[in-house]
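The values are calculated or read from the model by the stated rules, or taken from the named source; none is laboratory data. A quick note: this is a predicted structure, and the numbers were derived from the prediction, not measured. Backbone-built Cβ (ideal geometry, glycine too); neighbour counts: all protein chains shown. Note: areas computed on protein heavy atoms with side chains; ligands, DNA, RNA excluded. Shrake-Rupley method; radii C 1.70, N 1.55, O 1.52, S 1.80 Å.
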Amino acid sequence: AQKVTQTQTSISVMEKTTVTMDCVYETQDSSYFLFWYKQTASGEIVFLIRQDSYKKENATVGHYSLNFQKPKSSIGLIITATQIEDSAVYFCAMREGVGDNSKLIWGLGTSLVVNP
Amino acid sequence: EAAVTQSPRNKVAVTGGKVTLSCNQTNNHNNMYWYRQDTGHGLRLIHYSYGAGSTEKGDIPDGYKASRPSQENFSLILELATPSQTSVYFCASGDWTTSQNTLYFGAGTRLSVL
């Protein structure tokens, strides 16, 4: 069965620094998709970034980037120049299934606190 | 921008009562999902749908029913609500066959069963 594990329960950093959140996954599929979502204090869940397994380049969106290490089944989220508003819970997820017959397998999340 | 709207945003129900949570999406997405979120458990999938008229059981379907009468609407029904169903419920929609390839979430419904 597919599985997503986030081992870091919480992280605290100073503003304007860089933080990396870890995520490892298990899958038997040769092609797969990995996602990171952010849940703000208000409860809103938003999509941040996606890595397609067949792409060698690490995905980057704004100040979010991914460290995709396929041999280690690892997909870390890197946030550079952190801001107070980056304080949130970050979820890693992996798509299971094909086409419309798909759902996401979720990690338990990492809480990030950015201190001024 | 993809839009998913949940109603109500907050609900207090009595044990044994019937509760219906509604979700509407204007994204024309085929797939819709209902999750519950509890501390320590992350997001757990209750029911999902591939399109109008279809519903599938997720990982924790017991005590819940779902209905997808149209492309836009997906409801979660608790026929006999219990205190253990007190939680925050999220609806999401997605289209895995296009470049979007992700889920869009509603704002959540906080349900308390007393």
Per the Debye formula with a single identical scatterer at each Cα and no solvent contribution, what log10 I(q)/I(0) holds for the stretch B:1-61 at q = 0.13, 0.17, 0.26 Å⁻¹? -0.43, -0.74, -1.29
Label model pair A:S111, B:N10: point-to-point distance (7 angstrom along the Cα→beta-carbon line) in nm is 2.2
Considering only DSSP states other than H, G, I, E and B, which GluC sites (Glu not before Pro) in the stretch B:22-106 qualify as loop sites with at most 12 other Cβ atoms within 10 Å? B:E79
Pairs of Cα atoms under 8 Å, at least six residues apart: use those to get the relative contact order of chain A, whole percent. 36
Modelling each spin label as a point 7 Å along the Cα-to-Cβ direction, I'd like the B:N28/A:D100 distance in nm, to one decimal. 1.5
Evaluate peptide A:102-112: per residue, the Cβ atoms of other protein chains within 10 Å of its Cβ; return the mean as an integer. 4
When the dipole is taken about the Cα centre of chain B, and only Lys, Arg (+1) and Asp, Glu (-1) are charged at their Cβ, what size is it in debye, to the nearest 20? 320
List the accessible area buried at the contact between B and A, summed over both sides and calculated with a 1.4 Å probe, in Å² to the nearest 100. 1800
Which of rounded, prolate, oblate describes chain A, given a ≥ b ≥ c as roots of the alpha-carbon gyration tensor eigenvalues and a/c under 1.5 marking rounded, otherwise prolate only if a/b is larger than b/c? prolate
Given Cβ point charges of +1 (Lys, Arg) and -1 (Asp, Glu) and nothing else, what value in debye, to the nearest 20, does the dipole of chain A about its Cα centre take? 240
Mind checking which lysines have their Cα closer than 16 Å to the Cα of A:K103? Skip sequence neighbours fewer than 8 apart in that chain. A:K3, B:K57
Within 10 Å of each Cβ in B:36-44, the average number of Cβ atoms from other chains: 3
When only C-alpha pairs under 8 Å and at least 6 residues apart count, what is the relative contact order of the stretch A:64-116, in percent? 31
Efficiency of FRET between B:Q100 and B:R44 - r from beta-carbon atoms, R0 35 angstrom, step 0.05: 0.90
Would you work out the charge dipole size for the protein assembly as shown about its Cα centre, treating the Cβ of every Lys and Arg as +1 and the Cβ of every Asp and Glu as -1, and quote it to the nearest 20 debye? 220
Give the average, rounded to an integer, of partner chain Cβ atoms located within 10 angstrom of each Cβ in B:45-52. 2
Could you work out Rg/(2.2 N^0.38 Å) for the stretch B:1-113, with Rg from alpha carbons only? 1.00
The protein assembly as shown - convex hull of the alpha-carbon atoms, volume per residue in Å³: 121
The stretch B:51-114 - Rg (one decimal) and Dmax (whole number), Cα, Å: 13.4, 43
